[in-house]
Amino acid sequence: MAFSETLDTGRNASALRSATRRKRSQAQLIRWLLLFAGGIAMVMPIIYMLSTSFKYPFEVYNLNLIPEEPTLENYTYVLEDGRFFSWFTNSVVIATITTICNVLFDSLVGYVLCKYTFPGRYIVFIAILSTLMIPTEMLVIPWYLMSSTFGWLDTYWGIMFPGLMTAFGVFLMKQFFETVPDDFLEAARIDGLNELQIWWTVAMPLVRPALAALAIFVFLGNWTAFIWPLIVTNSQEMYTLPVGLTTFSVEAQVEWELIMTGAAISTIPTLIVFLVFQRYIIRGVVMAGLKG
Amino acid sequence: MTNVSLSNLKKSYGKTQVLHGINLDIQSGEFVVLVGPSGCGKSTTLRMIAGLEEVSAGDIRIGGDVVNDMEPKERNIAMVFQNYAIYPHMSVRKNIGFGLRTSKLSKDEKNARIDEVAGILELNDLLERKPNQLSGGQRQRVAIGRAMVRDPAAFLFDEPLSNLDAQLRTQMRLEIKKLHQRVGNTIIFVTHDQVEAMTMADRIVIMKDGHIQQVGTPFEVFYEPANIFVAQFIGAPSMNMLSGTVKGEAVALDNGTSIQVPTTKLSEDQKVAVGLRPDALLVGEGEGLFTGEVSVIEPLGTDTLAYVKVGDKEVIAKASGRTPPAVGDVVNLHAAPEAIHLFDADTGEAIR
Ligand SMILES: Nc1ncnc2c1ncn2[C@@H]1O[C@H](COP(=O)(O)OP(=O)(O)O)[C@@H](O)[C@H]1O
Ligand SMILES: [Mg+2]
């Protein structure tokens, strides 16, 4: 009697266990399906962009993924168009300079706010953070007035100046500098380095993962920026890529295949930037894991 | 090599004063250990010497010059931190050489210097490694190497061994002491561990609540503690402390017993504390100072510690390791007259 009872509970337990296992694998399946759907939703536009860039105009509105008559003509057209090359250069120059400036200035300000005590430090920090609450669209008008007063319209400087420092970057870097122990800085101070050297040789290398993240973020943000470059530029040769690509549509109705081709080409630098800096991010995570 | 002297050194953070006038003269080449419970102001003192904290009042002199307003780098001192403060993104060679960044030596001279230091610390084979490929003890040695490479006037150590396990700590203690004997620079070493202080110091500075309690050789602070705090802080297990009142030629202890003491410096009815180190209070044959029942024994090998109930107070005494008493035994406790310490119960000061 007692024996069969134990057997029974044993069976019940294993039934229960397999039930929970089934439930768990169902949850897993649902999770997987959701991720898959999300992945599709994100990748589809990119696939269509690529596929359209290989299509002739007559095929653009057929939603087939594989072009019936694949062609490279769009690429030759876009690349031989001199304007595309200058837009591309403009974008590279602007995004690169802005990224470098952000990495330097945001981390300088973040470092000072994090590692030094001075009267008004908190107020300065709050003031910087509060600018995050103002949307770009609202700032565009004062920026424009400023640019036109100083004669910055239609120049690189005019396109770049609003983004050379970002409040978000300052905030990010300040938070990351909290992870750098004060001992590290004091040791360098005793060894005779000045404050700028300490920042550059000790603190900066220790927050490299954050710098890489910031660099990717800023580069992508500036590479795809549209509204401000559109407003501040007048002449076609000062356009950035996103602004320039839209001219394909205005001139000869909407030439989607050319826009998609330009867009496809313009993703290449973002991929390169991401691949280069991603290594640092991963290495940073690994390093943090090994510490201690 | 340089002497370091602190005169009436004070430090306040806002309204809270954490150092109340520190006076200390450290001779050139001396190994001085600042010891005291956590929060007593050891690190603050050290950081003020290094120039990392501002002086609120008083003077710091290094080699005779007042350095109160000098930058850390102008003071020619080196500091080893508790967390080593070696840089994870630099190789061992770079870390050790970091102290030479601002020096005017040529690259070859710098490398020769790094190699020399690495040789002394037995780090030669590790020079190209990154800190995360080193053990705790090796990292500690890199931190010391980085301090040594500049040949500073004085080394400052802030609890450099507290992150190491017990065995490694003992070993590094010895290595630092040997290093001092070899290089001979002035060393100011901070720790909360009285064993570290006793084993390494030429002179020990015992601190409490921002005041110096006693300055002396390990021998002096152990055998002639200036007050009850020092008596109980130095030595493990802690000194037995029995309170009582002077009655005639003896002290009547609150636990009901009485003890004969030299009473020349005592006055009738004075409240005193009688201190007896466990290793000077011996379990033995015949009539002794006290008699009591053993409640716990702790065998340590050579000796056994016996917790003995004397009156209503438990004292720790030393018994033989080979033939220890058993729990429940009634034993006699003996002490040599010179092993009895007397303190004024009100002021805590030693009566000698
Ligand atoms: N930056 C600071 N601000 C306020 N109080 C401090 C500061 N640094 C240390 N203290 C206080 O000073 C006292 C001594 O600290 P410290 O020198 O670090 O002690 P320790 O002997 O443990 O090294 C402590 O009570 C501590 O709380
Ligand atoms: Mg401390």
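The values are calculated or read from the model by the stated rules, or taken from the named source; none is laboratory data. Every value quoted in this text rests on a predicted model; they were computed, and no experiment measured them. Because the Cβ atoms are built from the backbone with ideal geometry, glycine has one as well, and the counts that use them run over all protein chains shown. Accessible surface areas use protein heavy atoms only, side chains included; no ligands, DNA or RNA. Shrake-Rupley method; radii C 1.70, N 1.55, O 1.52, S 1.80 Å.
Diagonalising the gyration tensor over the Cα atoms of the range A:74-291 and scaling each eigenvalue by 5 before taking the square root yields semi-axes of 38, 22, 13 Å, largest first.
In the protein assembly as shown, the convex hull through the Cα atoms has an average projected area of 50.4 nm², a quarter of its surface area. Here nothing in chain A passes the span test, since no DSSP H helix has an alpha carbon length of 18 Å or more along the helix axis and a Kyte-Doolittle mean of 1.6 or above. Near A:K23, which lysines are there with a Cα under 23 Å away, not counting those fewer than 8 places off in the same chain? List returned: none. The mean number of partner chain beta-carbon atoms within 10 angstrom of a residue's beta-carbon across peptide A:179-188 is 6.
Calculated on C-alpha atoms, the gyration radius of chain B divided by its Kirkwood radius gives an Rg/Rh of 1.07. Based solely on its DSSP helices, what 222 nm [θ] is calculated for chain B when runs of n ≥ 4 H residues each add -39,500 (n - 2.57) and the sum is averaged over all residues, nearest 500 deg cm²/dmol? Estimated from H runs of four or more residues: -6500 deg cm²/dmol. Excluding residues fewer than 8 places away in the same chain, name every one of the lysines whose C-alpha is closer than 20 Å to that of B:K318. Candidates past the 8-residue exclusion: B:K309.
Take the Cα of B:K107, step 7 Å toward its Cβ, do the same at A:Q278, and the gap between the two points is 3.7 nm. Relative contact order of chain A, taken over Cα pairs closer than 8 Å and 6 or more residues apart, is 28 percent. Between the listed residues A:C101, A:T131, A:L153, the Cα displaced farthest toward the positive end of the dipole of the range A:61-197, a dipole computed from Cβ unit charges relative to the Cα centre, is found at A:T131. Given the range B:240-351, what whole percent of its Cα pairs are spread farther than 24 Å? Summing the P(r) tail past 24 Å for the range B:240-351 gives 24 percent.
Largest mean-square fluctuation among A:L241, A:L113, A:L275, in a Gaussian network model of chain A whose springs join Cα atoms under 10 Å apart, belongs to A:L275. The mean accessible area for residues of the range B:205-303, using a 1.4 Å probe and ignoring ligands and nucleic acids, is 48 Å² per residue. Near B:Q82, the amide H atoms lying under 5 Å from its own belong to B:D158; only residues 5 or more places off or on other chains count, and H is placed 1.01 Å from N.
Under the combined filter of DSSP loop state and at most 14 neighbouring Cβ atoms within 10 Å, the range B:149-257 retains none of its trypsin sites (Lys or Arg not before Pro). How big is the gap, in Å, between the Cα center of the range B:64-87 and the Cα center of the range A:61-124? Between the Cα centres of the range B:64-87 and the range A:61-124 lies a distance of 44 Å. List, in the order given, every pair from B:K104/B:K130; B:K94/B:K177; B:K107/B:K130; B:K11/B:K94; B:K42/B:K247; B:K73/B:K178 whose Cα-Cα distance in the structure shown is over 29 Å. Check vs 29 Å cut-off fails for B:K11/B:K94; B:K42/B:K247. List the aspartates and glutamates whose Cα sits under 18 Å from the Cα of B:K15, skipping any in the same chain fewer than 8 residues away. Within the straight-line limit of under 18 Å, B:K15 reaches these aspartates and glutamates: B:E53, B:E54, B:D209. Among beta bridges from DSSP that stay inside the protein assembly as shown, the antiparallel ones total about 75%.
Considering only B:S103, B:S43, B:S243, the Gaussian network model of chain B with Cα springs below 10 Å gives its largest mean-square fluctuation to B:S103. Each principal axis of the Cα cloud of the range A:81-156 was evaluated for its coordinate range; sorted largest first, these ranges are 55, 26, 22 Å.
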